[in-house]
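Student: Please find one structure pasted underneath; my questions will follow.
The values are calculated or read from the model by the stated rules, or taken from the named source; none is laboratory data. The model shown is predicted, which means the values in this text are computed figures rather than measured ones. Ideal geometry is used to build each Cβ from the backbone, glycine not excepted, and the neighbour counts take in all protein chains shown. Quick note on the areas: whole protein, heavy atoms, side chains included, nothing else; ligands and nucleic acids left out. Shrake-Rupley method; radii C 1.70, N 1.55, O 1.52, S 1.80 Å.
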Amino acid sequence: MSKGGTSGTVVDIKIILGIALKCNASSILIIHNHPSGTLEPSEPDKSITKKLKEACKLLELNLLDHLIITTQGYYSFSDNLIL
């Protein structure tokens, strides 16, 4: 639910959760890419994940995972116990 350039993007939690609610979702998974190829999450990645998790709790949605994908593989917030 976001578009941006190669160095960043704006993520609107209201749009993400609005779509989940319209779909009657009980859980969501978010995924984004890092064109740089870096698999490690940035501080903004960690911050938006924390905010999204808190918002999901208020709406009784389960945030299953946040994945970062590159041509080298993927990084899972859940697997790395950040979620």
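Student: Of all residues in the range 30-83, count the ones that are of a type in the set (D, E, K, R) and in contact with a helix residue (DSSP H, G or I) (Cβ under 9 Å, 6 or more places away or on another chain). Give the derivation first.
Tutor: Within the range 30-83, the subset of a type in the set (D, E, K, R) is 40, 43, 45-46, 50-51, 53-54, 57, 60, 65, 79.
Now restrict to residues that are in contact with a helix residue (DSSP H, G or I) (Cβ under 9 Å, 6 or more places away or on another chain): 51.
Adding up the residues that qualify gives 1.
Student: Pairs needed: first member in the range 58-73, within 14 Å of Asp45 (Cα to Cα); second member anywhere, open to solvent by less than 70 Å² (accessible area, probe 1.4 Å) and of a type in the set (Gly, Ala, Ser); C-beta distance under 8 Å; at least 6 residues apart or different chains.
Tutor: Partner pairs satisfying both residue conditions: Asp65/Ser76; Asp65/Ser78; His66/Ser76; His66/Ser78; Leu67/Ser76.
Student: Can you tell me which residues in the range 23-32 are farther than 14 Å from Glu60 by Cβ, β-branched (Val, Ile, Thr) and open to solvent by less than 90 Å² (accessible area, probe 1.4 Å)? Let's see the steps before the verdict.
Tutor: Keep residues of the range 23-32 that are farther than 14 Å from Glu60 by Cβ, which gives 23, 29-32.
Filter once more, keeping what is β-branched (Val, Ile, Thr): 30-31.
Across the range 23-32, the qualifying residue is only Ile30.
Student: Could I ask something else about it? Hey, among the residues in the range 33-83 that are at positive phi and open to solvent by 50 Å² or more (accessible area, probe 1.4 Å), which one's modelled with the highest pLDDT?
Tutor: The residue in question is Glu60.
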